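Quick note: the coordinates plus some simple rules give every number you see, no bench work behind them. Note that the structure is predicted; figures quoted are calculated from it, not measured. Counting neighbours? That spans all protein chains shown, and the Cβs are built from the backbone with ideal geometry, glycine included.
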Amino acid sequence: MRSILVKHTASTPDTATSQPFFSLPLEVASSHVRTVQDALNHFISSEEVEGYKHTQHTHTTSHRHEIRASHQTFLESLPRVLVLHLKRFSFASGRGSKIAKDVSFPLDLSLPARYFSGHLAASKQAHSYSLQSVIVHHGHQLHGGHYTCFVRPPASTSASSSSSATSTTTATSKSKDNNAKKKTSTPTPTKTSTPQKKASSSSSSSSSSSSQPHWIQLDDAKISHVPVTTVLAQQAYLLLYVRVDGDGSP
């Protein structure tokens, strides 16, 4: 990330520093922060630096005086995995407490050009990320609690499961049709069409059910499948997004 200190005087240049990061710490305590996008907007917003003192040098002397300055942080590069850390713990009067509030987050995250510096800002193009994992902290204590994790299964796994379910349904349908033909010595149009309609209905229902997106929940040794609505209802602590390019592939 790139931090820029803007000095609002004609004679003093701005100062910029770059540093690597593992996660972006996002403030969520403010009542104005209701979504991850709100928190990101707050992260890159300009903040006034109170009491900033600038040292001015002359040929013979130097002296410090207070000037108006502001600080702003941008992303300087596109990480393949973007980790968003929602700061759910606050400290006041020497004690820590948890911020238990709902902060909604999207499955698909778009980062506009104004979040970036350098050539990424000049391109004026948004960059897309896809949610892959959600980590949740359970409990109210700063030094304790329990963590669970939700993981999006690979697309190939979902496609394989859907294909397998469809193949199984088709095979079952054909088996029912063959059994019906064997049991009926003098088939009539009415008797022949009935099992076919039931098989078609069963196939449609199974296909619809298998196409529903499910995530994997990890809770210690317990592993289960949950609908995406359950994931989006969590009070997330960490969000892991993976960058996707123009055609949607990682």
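Summary table
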{"item": "Long-range amide H partners of W215 with built H, under 5 Å", "result": "V226, V228"}
{"item": "Added length on full extension, which subtracts the Cα-Cα distance from 0.36 nm per residue, L232 to S97", "result": "46.2 nm"}
{"item": "Lys/Arg +1, Asp/Glu -1 at C-beta; region 68-136 dipole; positive extreme among A92, V103, L78", "result": "A92"}
{"item": "Gain in span if fully extended, F22 to T148, counting 0.36 nm per residue against the direct Cα distance", "result": "43.3 nm"}
